[in-house]
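What follows is a set of notes on a single structure, which appears directly below.
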Amino acid sequence: LIQCIMYIYRVIVDIFYQNLSLFFQVLLQLDERKAAGVGLVLSALQKQLSWLPVPYTQQQEEADQYGLCRCCRALTMLAQPFVEEVKKKDENLMSSDEDEEMKTELLKFCMRSLREPLLEADLNRGRKSALWLHAVEIMGILSATKESLSGLLFFTSWRRGTLIDNSLSKESRACLAYLLFVQLISMEGFPAVFRCMLKTSNHAGVEAYIVKNIKNEIQSSMKGNANKWFLGPDLLPLLELVLHLPQGAETDLLTNMDKIMETLNLLRYLLIRDQQLKSSVEMWKELCRIKDQYLKIVRVCISMSRAYYCAELKSLKEDIQLIKTMTTRDVKVSNMSPQVQYQVLQSALVTFDMMESVVVRIEEITEEKLSKMH
């Protein structure tokens, strides 16, 4: 029975390679409806691979007894010319409707790959296995589609329409989230993911998580696991995105509290562990400029928010018996009792005090560092 099963798997792999070679030649000759052809071919080949068992251990993956790892590699190689074509069109600003359709087909391919086989694979960044490398390649193709990663993760409908059934969508996004937040997010090539998520997430909790991971990567680089993206001049563009308030001085501090506190903690860490950053005078000056600009806006935000909430608190105290409709920025309190309203306002003021204390500490550290330099 085992020999019979092995024979079936070998036949599947042989047919896969025969079809792959044939389909590739046909696709290269297509002028019209190439995107649709690529989509059909990738989908058909992926269905064939779905019959092959996914290796669960390192030994199984290295042996690749059933050929799945080799086939996955061949499949991404098949897709690569079309990925490069899309990238080149984007660089030259020549993207057409056909190119957008190609991106859609590549996106479908990536999402199917995340579901099968990657969701079932034992992916670990400490072990650069064949399926790990396949995951890296899939994420690279996904990046080329220009689809918002935050949109893929947090919304049920995507910019390019309903692409796959709901069940597959959830499983694909689960694998994507795992790769981003648990595994791939620490790879050298993934500052681009950080930047993309910071630009598009519009979710303070997600952004706070990203900032925390950036701090972890900087810390790791300072301890000897050097990564140019998190220690050298390439870190500055990332910090500019981190040290940014979405609405400037009008930013709602309570809604964005998680990200702001993580950002302030990151700043404090950078100033305390400043020796490696000071090795580049220009980088240190630029970091200080970004820091000063950010803290200035944060202070203005705190001042404006505190004044607003203090005024509301004073008004509430003057007529504690009056039930009135009021909105504390995005926190609606009209249905609350005066006592609860009072607690909400007091809590907000405590939050502002906490933020300000961290800002003050950062400024104290800066002054201490400057005094030592002189």
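No lab work stands behind these numbers, since they all come straight from the coordinates. Predicted model only: the values in this text are computed from it and were never measured. Don't worry about glycine lacking a Cβ; one is built from the backbone with ideal geometry, like all the others, and counts go over all protein chains shown.
Taking 0.36 nm per residue of sequence separation and removing the Cα-Cα distance, the Ala249/Gln58 pair yields an extension gain of 63.5 nm.
Among residues other than Asn213 with Cβ under 12 Å from its Cβ, the summed charge is -1 (Lys and Arg +1, Asp and Glu -1).
Principal axis extents of the C-alpha atoms in the range 40-143 (largest first, rounded to whole Å): 46, 29, 18.
Modelled label positions at Arg70 and Cys4, each set 7 Å beyond Cα in the direction of Cβ, lie 2.5 nm from each other.
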